[in-house]
Amino acid sequence: MSYNSLNIKQKLNLVLAIVMLGLLSVSSFGLLHEKKSLLEDRKVKTRNLVESAHSVLLHYHALQVAGDLSETEAKAGALGVLKSMRYEGTEYFWVNDMTPRVIMHPIKSELDGKDASEIQDPNGKRIFVSFVETVKTSGSGFVDYKWPKPGADAPVEKISYVQGFEPWGWVVGSGIYIDDINEIF
């Protein structure tokens with residue numbers, strides 16, 4: 001059947017279908033672009049928040065260096081502040097050392113003080129080892145892995161930003177859950 005053998009109604013339906021397909025393609029491309037932009041925006045915000053948490057560590061370390069606090073008091077004060085810091089309702093900061101041993105995790109306090117070198121996501125990625133490697137290599141950066149959202153058991157895609165704090169040999173980090181972005185779209 002050729003285009004010329006179609007009646008006017010069939011030709012209009014064909015043109016309409018082609019136009020709709022084109023609009024759908026353009027809309028899909030636009031949504032993918034918006035999703036990518038939103039993810040990049042959230043990554044920048046997460047990096048900025050971790051840098052703020054890093055500033056808390058710098059402040060308490062300065063108090064230690066000035067002799068106003070002992071190292072133990074400075075670390076305890078910094079951890080207390082970081083543990084209480086929340087954003088977007090459920091998001092949080094954690095701290096591990098370079099071993100990696102968990103220093104403070106406000107959602108999974110059962111990890112505090114534990115060796116985290118064998119904690120893996122479902123894909124076998126050693127999460128805390130990846131944090132340490134990122135800090136050793138670059139001083140800071142993003143790490144992707146799977147981790148349960150607060151209040152859930154099933155791990156989901158997460159991207160975290162980690163930054164080293166050399167004076168105490170710590171890594172401070174926070175992350176975003178990819179499905180939070182996917183739910184928007």
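Which pairs do you get when a residue that is within 30 Å of TYR177 (Cα to Cα), found in the stretch 44-73, comes within reach of a residue that is open to solvent by less than 70 Å² (accessible area, probe 1.4 Å) and in a helix (DSSP H, G or I), reach meaning Cβ atoms under 7 angstrom, with the pair 6+ apart or on two chains?
ALA53/LEU82; VAL56/ALA78; VAL56/VAL81; VAL56/LEU82; LEU57/ALA78; TYR60/ALA74; TYR60/GLY77; TYR60/ALA78
Name every residue in the stretch 106-128 that is in a loop (DSSP other than H, G, I, E, B), without any contact (Cβ under 8 Å) to a residue 12 or more places away in the chain and under 19 Å from GLY164 (Cα atoms), in order of residue number. Before you say what the answer is, go through the steps one by one.
Here is the first cut: in the stretch 106-128, the ones in a loop (DSSP other than H, G, I, E, B) are 106-108, 112-114, 116-119, 121-125.
With the extra rule that they be without any contact (Cβ under 8 Å) to a residue 12 or more places away in the chain, the set shrinks to 108, 112, 118-119, 124.
Across the stretch 106-128, the qualifying residue is only ASP112.
Filter the stretch 113-158 for residues that are within 17 Å of ILE176 (Cα to Cα), of a type in the set (D, E, K, R) and under 16 Å from the mean Cα position of the chain (by Cα) and give the result.
Within the stretch 113-158, ASP121, ASP144, LYS146, LYS149, GLU157, LYS158 qualify.
Considering only the stretch 99-108, state which residues are in contact with a helix residue (DSSP H, G or I) (Cβ under 9 Å, 6 or more places away or on another chain) and open to solvent by 60 Å² or more (accessible area, probe 1.4 Å). Outline the logic, then answer.
Here is the first cut: in the stretch 99-108, the ones in contact with a helix residue (DSSP H, G or I) (Cβ under 9 Å, 6 or more places away or on another chain) are 99-106.
Within the stretch 99-108, THR99, ARG101 qualify.
Go through the stretch 142-182 and give me each residue that's open to solvent by 30 Å² or more (accessible area, probe 1.4 Å), in a strand (DSSP E or B) and within 19 Å of SER109 (Cα to Cα).
LYS146, PRO155
For the structure I just gave you, tell me whether GLU91 is modelled with pLDDT under 95, touching a strand residue (DSSP E or B) at 6+ places or on another chain (Cβ under 7 Å) and within 29 Å of ASP144 (Cα to Cα). Steps first, answer last, please.
Working: modelled with pLDDT under 95: yes; touching a strand residue (DSSP E or B) at 6+ places or on another chain (Cβ under 7 Å): yes; within 29 Å of ASP144 (Cα to Cα): yes.
Yes.
Does at least one position in the stretch 85-104 carry a residue that is touching a His at 6+ places or on another chain (Cβ under 9 Å) and part of a helix (DSSP H, G or I)?
no
Looking at (1) touching a Pro at 6+ places or on another chain (Cβ under 6 Å); (2) closer than 15 Å to TRP170 by Cβ, find the lone condition where TYR92 falls short.
Here TYR92 clears every test but (2).
The values are calculated or read from the model by the stated rules, or taken from the named source; none is laboratory data. All values derive from a computational prediction rather than experimental measurement. Quick reminder, even Gly has a Cβ in these numbers, built from the backbone with ideal geometry, and neighbours come from all protein chains shown. The protein model used for the area step is the full one, side chains on, heavy atoms only, and it has no ligands, DNA or RNA in it. Shrake-Rupley method; radii C 1.70, N 1.55, O 1.52, S 1.80 Å.
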